[in-house]
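Enquirer: The structure's right below; bear with me while I get my questions together.
Throughout, read-outs are computed from the coordinates displayed, never taken from laboratory work. Here the structure is a predicted model, which is why all the values come from computation and not from measurement. Here the Cβ positions follow ideal geometry from the backbone for every residue, glycine too, while neighbour counts run over all protein chains shown.
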Protein chains: 2
Amino acid sequence: MPKEARPSTGEQARQHALAQLRQAILRGEMAPAQRLVENELAEQFGVTRASVRAALIELESEGLVERIRNRGSRVRVVTVEEAVAITECRMVLEGLCAGKAAREASDEQLDQLLALGEAMSKAVADGEPVTYSDLNHELHARIREFSGQQVAVELLERLNAQLVRHRFQLALRPGRPQKSLSEHLAMIEAIRARDPRAAEEAVRSHLAGVIDALRE
Amino acid sequence: MPKEARPSTGEQARQHALAQLRQAILRGEMAPAQRLVENELAEQFGVTRASVRAALIELESEGLVERIRNRGSRVRVVTVEEAVAITECRMVLEGLCAGKAAREASDEQLDQLLALGEAMSKAVADGEPVTYSDLNHELHARIREFSGQQVAVELLERLNAQLVRHRFQLALRPGRPQKSLSEHLAMIEAIRARDPRAAEEAVRSHLAGVIDALRE
DNA sequence: CCGGACAGAATTGTCAACAATTTTGTTCAA
DNA sequence: TTGAACAAAATTGTTGACAATTCTGTCCGG
């Protein structure tokens with residue numbers, strides 16, 4: 001059992017509890033469908049139940065936690081169908097972002113994408129799937145960021161948070177990095193060419209591929 | 001000042017407060033940027049502050065309310081730029097839904113769309129912009145529903161809720177219904193033709209038109 | 001006349017106790 | 001043995017009071 005967290009003076013209790021719990025779920029420290037008892041969490045994080053409650057309500061509307069009236073909270077499990085539906089939404093939203101990024105990114109930012117692409121190629125060549133997965137994640141984050149589309153960014157971050165468990169499963173599949181790499185390079189190429197239409201199309205076909213892989 | 005709501009026995013207090021508050025905001029009974037004091041709301045709705053607090057936290061993550069630490073809550077005001085960004089997201093998400101609806105809707109559902117289109121034409125011919133606006137809203141809702149894409153539906157409902165104030169402004173603009181009507185009819189046509197690509201394109205160009213109108 | 005320090009008011013954040021609900025385990029009769 | 005009724009335990013929902021923070025208006029020195 002993890003040691004009780006420090007009182008964390010400046011930080012308000014609710015935000016503390018919220019951050020701790022979200023991290024714990026995202027890091028996969030909570031088993032899927034595990035029950036989240038307010039009392040236990042309160043003791044574990046060193047805050048009162050009211051703060052835990054507030055945090056749980058917030059996590060519920062982020063889609064990370066499931067709450068049933070008078071029955072308590074659990075870590076939400078995302079079925080494969082849901083993961084597919086989520087990825088379909090990612091597909092169009094990231095497509096939007098890629099198109100805007102192709103129009104509005106600075107030359108400096110385009111160089112960052114190029115560097116990321118090279119790092120990803122190297123990771124695949126060296127057979128390091130974990131490094132590749134991290135870079136993958138970062139590439140998508142950068143494209144979102146460069147689009148300047150704040151609303152889409154927030155929606156996508158929420159959606160991505162719900163997929164943590166499926167991401168692992170996908171990254172370690174043999175042969176997957178190779179296929180994924182060329183799609184990613186095409187995305188980078190289209191954005192660097194400042195071709196919004198091609199950029200959107202590249203992102204969409206990449207995520208269509210992810211959907212196929214999710215379905216096995 | 002509105003009379004205190006009934007205790008609403010079965011319903012739990014938090015859900016009661018949440019529903020009341022959300023309705024009040026969506027109906028425009030709360031002035032934009034109006035301060036929401038927890039005590040006042042608690043008394044007004046006949047629940048305790050804790051329930052109001054919980055409701056406010058939830059409404060914050062729905063984007064209807066803005067909360068600042070130790071400073072309280074206000075009704076969130078959506079700037080024109082934000083409304084544009086939101087509508088861009090609607091554009092791609094509703095495009096996704098239209099494509100899926102074109103594939104998966106039943107013949108019966110397609111007939112509903114046709115009937116809606118006729119009603120909309122009539123409303124424009126009769127010069128009834130309010131009726132037209134309602135039908136407009138219903139058409140979009142039906143398309144979402146027929147797609148069977150639950151994740152997209154939830155995202156879109158959240159986004160739409162944030163636009164209430166801008167919707168009014170747009171619907172009453174002279175000449176707007178005429179332009180909007182033909183775009184809507186094209187959407188219906190494409191879905192009824194079971195042409196996903198055309199359906200997506202029709203929805204996107206319609207909402208691109210809405211974006212132009214928003215920018216004036 | 002102006003600006004900063006300070007006290008008071010208003011408001012949000014936190015807490016511990018209590019009430020209501022659901023689940024679980026036990027008993028007893030058929 | 002099975003099933004329903006019931007009691008006990010666990011857990012969530014609610015309440016009112018208290019603490020911490022921020023805002024507001026006043027006072028005093030310059």
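Enquirer: Between segment A:52-90 and segment B:145-189, what is the separation of their alpha carbon centroids in Å?
Expert: Value for the Cα centre distance between the two parts: 27 Å.
Enquirer: Could you compute the FRET efficiency for residue B:154 and residue B:50, with r as their C-beta to C-beta distance and R0 at 22 Å, rounded to 0.05?
Expert: The pair residue B:154/residue B:50 has a calculated efficiency of 0.25.
Enquirer: To continue, here is another question. Residues of A:147-154, mean number of Cβ from any other protein chain within 10 Å of their own Cβ, rounded to a whole number?
Expert: Taking all residues of A:147-154 together, the mean is 4.
Enquirer: Explain nothing, just the number: relative contact order of chain B, from Cα pairs under 8 Å at least 6 residues apart, as a whole percent.
Expert: Rounded, it is 24 percent for chain B.
Enquirer: Something else about it: Averaged across B:60-73, how many Cβ atoms of other chains sit within 10 Å of each residue's Cβ atom?
Expert: 1
Enquirer: Same structure, new question: Give the nm distances, rounded to one decimal, from residue B:72 to the matching residue in every other copy, measuring between label points 7 Å along Cα toward the beta carbon; shortest first.
Expert: Nearest first, the other copies' label points are 3.9 nm away.
Enquirer: Indicate the gyration tensor shape class of segment B:80-215 (rounded, prolate or oblate), computed on the Cα atoms with a ≥ b ≥ c the square roots of the eigenvalues: a/c under 1.5 is rounded; otherwise a/b larger than b/c is prolate and the rest oblate.
Expert: Here segment B:80-215 falls in the oblate category.
Enquirer: Classify segment A:13-75 from the C-alpha gyration tensor, please: rounded if a/c falls under 1.5, else prolate or oblate depending on whether a/b exceeds b/c.
Expert: In terms of gyration-tensor shape, rounded.
Enquirer: Applying the Karplus parametrisation 6.51 cos²θ - 1.76 cosθ + 1.60 with θ = phi - 60° to the phi angles of segment B:38-43, what ³J(HN,Hα) value in whole Hz is obtained for each residue in order, glycine and proline being reported as x?
Expert: 4, 4, 4, 4, 4, 5
Enquirer: Decide, for the protein assembly as shown, between rounded, prolate and oblate: order the square roots of the alpha carbon gyration tensor eigenvalues as a ≥ b ≥ c, take rounded if a/c falls under 1.5, and otherwise choose prolate if a/b is larger than b/c, else oblate.
Expert: In terms of gyration-tensor shape, oblate.
Enquirer: Now, a different point. Can you work out the FRET efficiency for the pair residue B:134 and residue B:169, with r the C-beta to C-beta distance and R0 = 22 Å, to the nearest 0.05?
Expert: After rounding to 0.05, the efficiency reads 0.90.
Enquirer: To continue, here is another question. If a paramagnetic tag sat 7 Å from the Cα of residue B:68 along the Cα-Cβ line, which residues of segment B:31-55 would have the backbone N under 15 Å from that point?
Expert: Within reach of a label on residue B:68, which here means backbone N under 15 Å from a point 7 Å along Cα→Cβ, segment B:31-55 contributes B:33-37.
Enquirer: What ³J(HN,Hα) values, in whole Hz, does the Karplus curve 6.51 cos²θ - 1.76 cosθ + 1.60 give for segment A:93-107 when θ = phi - 60°, with x put for Gly and Pro?
Expert: Once θ is set to phi - 60°, the couplings for segment A:93-107 become 5, 5, x, 4, 4, 4, x, 5, 5, 4, 7, 10, 5, 7, 4 Hz.
Enquirer: Residue by residue through B:85-93, how many Cβ atoms from other chains fall within 10 Å of the Cβ on average?
Expert: Taking all residues of B:85-93 together, the mean is 6.
Enquirer: Relative to the compact-globule scaling 2.2 N^0.38 Å, provide the ratio for the alpha-carbon radius of gyration of segment A:140-216.
Expert: Here the answer is 1.15, to two decimals.
Enquirer: Show me, for segment A:202-216, the HN-Hα J-couplings you get by feeding each phi into the Karplus relation (A = 6.51, B = -1.76, C = 1.60, θ = phi - 60°), rounded to Hz, glycine and proline as x.
Expert: 5, 5, 5, 6, 4, 6, 4, x, 4, 4, 4, 5, 4, 6, 6
Enquirer: With N set to the residue count of segment A:1-159, report its C-alpha Rg divided by 2.2 N^0.38 Å to two decimal places.
Expert: 1.27
Enquirer: Moving on. Under 14 Å from the Cβ of residue B:139, count the other residues' Cβ atoms, weight Lys and Arg +1, Asp and Glu -1, and hand me the total.
Expert: That works out to -2.
Enquirer: Can you list, shortest first in nanometers, how far residue B:112 lies from the same residue in the other copies, with each label 7 Å from Cα toward Cβ?
Expert: Computed spacing set for this position: 4.5 nm.
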